[in-house]
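Colleague: One structure is given below, represented as structure tokens, and several questions about it will come after.
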Amino acid sequence: MRIVLVGCSGFVGRALVPGLLEAGHSLTLVSRAPQPLLGLQHPQLQRLQADPANPASWQQPALQQALAQAEAVVNLAGEPIAEKRWTPQHLQLLNSSRIDTTRALVAAMAALPEGQRPGVLINGSAIGYYGTSASQEFIETSPAGTDVLGRLCVAWEQEAHAAEALCRVVILRIGIVLGGDGGALGKMLPVFRMGFGGPIGDGQQWMSWISRSDLCQLISTALVDPAYSGVYNAVAPQPCNMAAFAAALGRCLGRPSLLPVPGPLLQLLLGDGAKVVLEGQKVLPKRLQEQGFAFRYGELSAALASATS
Ligand SMILES: NC(=O)c1ccc[n+]([C@@H]2O[C@H](COP(=O)([O-])OP(=O)(O)OC[C@H]3O[C@@H](n4cnc5c(N)ncnc54)[C@H](OP(=O)(O)O)[C@@H]3O)[C@@H](O)[C@H]2O)c1
């Protein structure tokens with residue numbers, strides 16, 4: 001397949017791009033950076049510099065041509081959620097980097113003549129869609145939360161749903177992605193390796209996780225298998241609470257995991273952004289299981305062993 005990739009130069013993209021190249025696909029990687037931080041050279045990998053949130057970017061002839069020639073689009077663009085305090089300006093960026101990007105991308109797809117439009121759009125979303133809860137379980141049909149991230153995800157998904165008039169659309173509500181070189185685990189690892197790790201906050205919050213390698217496999221599968229359509233919870237079947245996660249990580253590294261990281265300290269550092277790790281949600285991959293998606297790392301200890309090896 002010829003695939004246009006947006007927002008795929010980061011933590012997920014680093015694993016996704018080599019996997020798609022290995023599978024024989026031809027890729028156009030759209031990035032705001034002149035040289036996206038992937039360090040990859042491959043004859044089937046083309047790079048285009050553009051700000052995908054800006055509709056004018058999609059008027060660039062090279063990008064229009066790439067889109068018109070593509071059979072598929074993957075859009076994971078989004079400013080990192082839990083790295084900075086949520087000032088009004090930063091909140092605006094969290095929203096616009098997802099919602100405006102998806103809107104501009106779908107508009108560019110709609111502007112193509114009918115026979116030239118990509119056949120499938122795989123679009124990111126997040127389990128923050130459901131809001132947070134200590135006790136509820138969430139499946140794809142559960143209602144959206146009304147907090148900041150819930151509202152963001154609803155608006156983000158709405159823009160992706162608009163592409164359903166044009167092509168097959170797959171929306172992935174992504175859980176906490178486990179990989180050793182980034183994301184939440186990448187931040188926890190150095191502390192745990194020094195033996196100072198422990199649960200963050202009271203340890204009772206749910207963590208609905210997915211190994212990065214299973215997420216990439218899911219994206220690869222959904223690209224080529226027309227049975228995939230609509231919204232999916234991209235999480236492993238065994239969510240756990242933070243205390244169990246910290247204990248499993250300690251065991252995996254052969255280090256103690258006793259020192260809790262106090263919630264108020266994180267709140268001081270991250271403001272509302274701390275909410276992402278201090279509160280969680282128990283999300284189940286109902287539709288993926290119904291569809292028979294085979295998780296390679298469906299069990300936490302195996303996912304952690306693979307991510308930290
Ligand atoms: N990692 C997780 O645990 C997790 C969990 C749930 C959902 N997700 C979602 O999955 C997607 C990919 O996650 P990731 O961990 O790979 O994220 P990441 O490493 O932060 O990469 C995000 C990508 O989005 C683009 N981006 C960042 N800021 C942007 C902005 N202001 N405007 C337009 N594009 C921007 C970047 O592309 P360029 O800099 O090349 O333009 C980058 O390739 C994100 O949308 C994220 O919200 C991730």
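The values are calculated or read from the model by the stated rules, or taken from the named source; none is laboratory data. These figures come from a predicted structure and were not determined experimentally. Cβ sites come from the backbone with ideal geometry, for glycine too, and all protein chains shown count toward neighbours. Note: accessible area is taken over every heavy atom of the protein model, side chains too, but ligands, DNA and RNA are not part of it. Shrake-Rupley method; radii C 1.70, N 1.55, O 1.52, S 1.80 Å.
Colleague: Ignoring any ligand, DNA or RNA, what whole percent of the accessible area of segment 179-234 comes from carbon and sulfur when the probe is 1.4 angstrom?
Modeller: Taking all protein chains in place, segment 179-234 shows 63 percent carbon and sulfur surface.
Colleague: Quick check: with the 1.4 Å probe, what order do 137, 159 take by accessible area, largest first?
Modeller: Listed by decreasing accessible area, they come as 137, 159.
Colleague: Kindly write out, for segment 45-56 in residue order, the coupling ³J(HN,Hα) from the Karplus curve 6.51 cos²θ - 1.76 cosθ + 1.60 (θ = phi - 60°), rounded to whole Hz, with x marking Gly and Pro.
Modeller: Residue by residue, segment 45-56 yields 10, 10, 10, 10, 8, 6, 8, x, 7, 9, x, 4 Hz.
Colleague: Assign unit charges at the C-beta atoms only (+1 for Lys and Arg, -1 for Asp and Glu), then state the dipole size of the chain relative to its Cα centre in Debye, rounded to the nearest 20.
Modeller: That gives the chain a dipole magnitude of about 520 debye.
Colleague: Scan around residue 281 for amide H atoms under 5 Å from its own, H built in the peptide plane at 1.01 Å from N, and keep only partners 5 or more places away or cross-chain.
Modeller: Long-range HN contacts for residue 281: 133, 206, 208.
Colleague: Right, another one. Rounded, prolate or oblate, given the Cα gyration tensor of the chain, with a/c below 1.5 counting as rounded?
Modeller: Prolate, because a/c is 1.5 or more and a/b exceeds b/c.
Colleague: Follow-up. Quick one: compute the contact order of segment 42-104, relative version, from alpha carbon pairs under 8 angstrom and 6+ residues apart, as a percent.
Modeller: 44 percent
Colleague: Right, here's the next one. Straight-line reach from residue 275: which lysines fall under 17 Å, measuring Cα to Cα and dropping same-chain residues less than 8 apart?
Modeller: Cα-Cα hits under 17 Å: 84, 187.
Colleague: Using helices alone, I'd like the mean residue ellipticity at 222 nm for the chain: each DSSP H run of four-plus residues gives -39500 (n - 2.57), total over residue count, nearest 500.
Modeller: Only helices count here, giving -11500 deg cm²/dmol.
Colleague: Also, I was wondering about something else. Expressed as a whole number of Å, what is the distance separating the alpha-carbon centroids of segment 278-296 and segment 160-198?
Modeller: Here the two parts' Cα centres lie 13 Å apart.
Colleague: May I pose another question? For segment 1-110, give the magnitude of the charge dipole about the Cα centre (Cβ charges: +1 Lys/Arg, -1 Asp/Glu; no others), in debye to the nearest 20.
Modeller: Values: 8 positive and 6 negative charges, 31 e Å.
The dipole magnitude comes to about 140 debye.
Colleague: Under 5 Å between amide H atoms, partner at least 5 residues away or on a different chain: which partners does residue 79 have, H built in plane at 1.01 Å?
Modeller: Amide H neighbours of residue 79, under 5 Å, 5+ apart: 97, 98.
Colleague: A follow-up question, please. Ranked highest first by the average count of other Cβ atoms within 10 Å around their residues, in what order do 9-20, 40-51 fall?
Modeller: The most tightly packed comes first, giving 9-20, 40-51.
Colleague: May I ask for the distance between the Cα centers of segment 202-242 and segment 1-71, given as a whole number of Å?
Modeller: Centre-to-centre distance over Cα atoms comes out at 23 Å.
Colleague: If amide hydrogens are placed 1.01 Å from N in the peptide plane, which non-local residues have theirs closer than 5 Å to the one on residue 177?
Modeller: 184, 210
Colleague: Taking residue 282 as the anchor, which aspartates and glutamates have their alpha carbon closer than 17 Å to its alpha carbon, excluding any fewer than eight residues away along the same chain?
Modeller: 137, 140, 147, 202, 299
Colleague: May I ask you to derive the relative contact order of the chain, considering only C-alpha pairs under 8 Å and at least 6 residues apart, and to give it as an integer percent?
Modeller: 18 percent
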